Amino acid sequence: MKVGVVGPISKDHVTLPTGDKVEKYGAVAYSVLALAKLFEGTKDEVVCLSHISLADAPSIYALLNDPNIILSHMHVGREEGTEIQLTYLNSQERVSQQIRSMSPIALKEVKLLADCQCILLMPLNETDIPLACAKEWRRVSHGTIFLDVHGLVTGVTKEGKRFNKYWENPREWLGCIDILKMNAKEAQWVAGHEMGHYKEYVEYATSVVKEGLTACWITFGDQSSLVAWKRDERILWANVPVVKDFGPVVDTTGCGDSASAGFLYSYAKIKNPLLGVILGNTFGSLKASFQGLNGFPSQPEVRGIIHQHYRDYLHNLLDDFLSKSQVMIHESKEGTEDESFVFHPDGHWYDNGTNHESGSNRQGTSTPGSRH
């Protein structure tokens, strides 16, 4: 198997909630190294397509020096590369300043990943991966295209301040990809309106799957994940818990990038979005437990972690499947007024908060206005 990962390898200057300062490389480097760890001992390959600066190149090549990582498609230039200042307000919230941005991926580079079974698109801002390249990948590739939408709802001012923005050309992007990932805050900028109740996230996730996506994955930090997917013309969704007992939270930088790698590895192997989210959640939680990029456990250790932390959840999923009770996996059905409804078997709304307490609501983490 060959997986392509596209996006910047950022040089990060991080101020942690403790006030400690750390300098390291990040962004797609987390995804590439997580995949390489999962590929360890196999002939599977992860191909990194990024633009890096001449000054950073020796350190980046040393960091990504692994038999399962292909770096021959990296572009090195004197004025290249991405550099960001990250200041954490707490373990989950941060502000960022863009110091330097890599040049956009070029159309001529698309063919370099045409033979990949999966392509992971991870822009840090809206200029990193042009829509034209996504359209070309859709044309020339038969692989699964996964988009982490983060960069497409992130703008950068002339002064380098990063800010949330609405997603431009969402329908065109959705026509180019198979799997869409975002966090709860980003989901509101993707959808173009504020979301206050969990069922609104469910409605959005199921709506984009109905329009043709294979799956939509929305993460809620250290609380849970929501995934919607299509199976046999039915639109299904589920809430997947997050592992929390790996010890103290050390550094949440790269958790989303690591989670994407875990999901894609699982999905490439078994084509099940729900099980993909389980491995994605696991890798996101694991990343929060260590500093730097090289703390991912081996594949046998990961299997043990999933068995330990998700055993009951997986058993309940099996019971849910055999009994057809739809307590854990739910089906989205059309209402009588062309609205999307999600039902329990008794026909009532399923509105569960991210702490899995029935009837609770999750408040939005940002307040975008409605798109006009």
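What follows draws every value from the coordinates through simple rules; no lab data is involved. From a predicted model like this one, the values you see are computed outputs, not experimental measurements. All Cβ positions, even for glycine, are placed from backbone atoms using ideal geometry, and neighbour counts span all protein chains on display.
Expressed in nm to one decimal, what extension gain is obtained for the pair V95 and K271 from 0.36 nm per residue of sequence separation less their Cα-Cα distance? Write out the running numbers ahead of the final one.
Values: separation 176, 0.36 × 176 = 63.36 nm, distance 3.56 nm.
The span from V95 to K271 would gain 59.8 nm if fully extended.
Do the sum for the chain: with -39,500 (n - 2.57) for every DSSP H run of n ≥ 4, divided by all residues, what is the mean residue ellipticity at 222 nm, to the nearest 500 deg cm²/dmol?
Values: 9 runs with 112 residues, N = 372.
The helix-only estimate for the chain comes to -9500 deg cm²/dmol at 222 nm.
Could you go through segment 78-83 in sequence order and give the Karplus-derived ³J(HN,Hα) for each residue, using 6.51 cos²θ - 1.76 cosθ + 1.60 with θ = phi - 60°, rounded to whole Hz, and x for Gly and Pro?
So the J values, rounded to whole Hz, are 4, 9, 8, x, 10, 9.
Taking the Cβ-Cβ separation of F321 and E233 as r and a Förster radius of 25 Å, what is the calculated FRET efficiency to the nearest 0.05?
On the way: r = 18 Å, r/R0 = 0.71.
Here the calculated transfer efficiency is 0.90.
Rounded to whole Hz and in sequence order, give me ³J(HN,Hα) for segment 156-161 from the Karplus expression 6.51 cos²θ - 1.76 cosθ + 1.60, θ = phi - 60°, writing x for Gly and Pro.
For segment 156-161, the Karplus-derived couplings read 10, 6, 4, 7, x, 6 Hz, x marking Gly and Pro.
Which helices of the chain meet both criteria: a Cα extent of 20 Å or more along the helical axis and a mean Kyte-Doolittle score no lower than 1.0, with helices taken as whole DSSP H segments?
Details: long enough: 255-270 (23 Å, 0.36); 273-288 (22 Å, 1.05); 299-323 (32 Å, -0.69).
Those that clear 20 Å and a mean of 1.0 are 273-288.
Ranked from highest to lowest mean number of other Cβ atoms within 10 Å per residue, what is the order of the peptides 174-180, 261-267, 24-30? Don't skip to the answer; put the middle values down first.
Numbers: 174-180: 20.0, 261-267: 27.3, 24-30: 24.4.
Averaged packing, sorted descending, gives the order 261-267, 24-30, 174-180.
Compactness ratio of the chain: Cα Rg over 2.2 N^0.38 Å, N = residue count?
On the way: Rg = 19.7 Å, N = 372, 2.2 N^0.38 = 20.9 Å.
Dividing the Cα Rg of the chain by 2.2 N^0.38 Å gives 0.95.
Could you work out how far apart the two model spin labels at T42 and A57 are, taking each label as a point 7 Å from the Cα in the direction of the beta carbon, and quote it in nm?
Spacing of the two 7 Å Cα→Cβ label points: 3.2 nm.
Apply 1/(1 + (r/R0)^6) to the Cβ-Cβ distance of H197 and S298, taking R0 = 35 Å, and write down the FRET efficiency to the nearest 0.05. The partial results should precede the final answer.
Numbers: r = 41 Å, r/R0 = 1.16.
Working from the Cβ atoms, E equals 0.30.
Pairs to check: K11/K244; K111/K287; K2/K287. Give those whose C-alpha atoms are more than 30 Å from each other in this structure.
Distance filter (> 30 Å) returns K111/K287.
Describe numerically, in nm with one decimal, the distance between label points set 7 Å from Cα along Cα→Cβ at D20 and at S72.
4.0 nm
Long-range amide H contacts for T82: which residues qualify at under 5 Å (H placed 1.01 Å from N, peptide plane, sequence gap of 5 or more or a different chain)?
I9, K11, S53, M102
Of all beta bridges DSSP finds with both residues in the chain, what is the antiparallel percent, to the nearest 5? Walk me through the numbers on the way to the answer.
Working: 37 of 69 bridges.
Taking every DSSP beta bridge with both residues in the chain, the antiparallel ones total about 55 percent.
What translational diffusion coefficient, to the nearest whole µm²/s, does segment 1-114 have by Stokes-Einstein, given a Kirkwood radius computed over alpha-carbon pairs, a temperature of 25 °C and 0.890 mPa s viscosity? Display every interim value, and only then the final one.
Working: Rh = 15.0 Å.
After rounding, the answer is 164 µm²/s.
Quote the Stokes-Einstein diffusion coefficient, in whole µm² s⁻¹, for segment 85-200, based on the Kirkwood radius over alpha carbon pairs, a temperature of 20 °C and a viscosity of 1.002 mPa s. Working shown, then result.
On the way: Rh = 15.4 Å.
For these conditions, the coefficient is 139 µm²/s.
Quick check: net charge around V110, other residues with Cβ under 13 Å of its Cβ, Lys/Arg +1 and Asp/Glu -1? Each step should come with its number before you reach the end.
Details: positive: K108, K111, K135, R138, R139; negative: E109, D115, E136.
Net of charged neighbours comes to +2.
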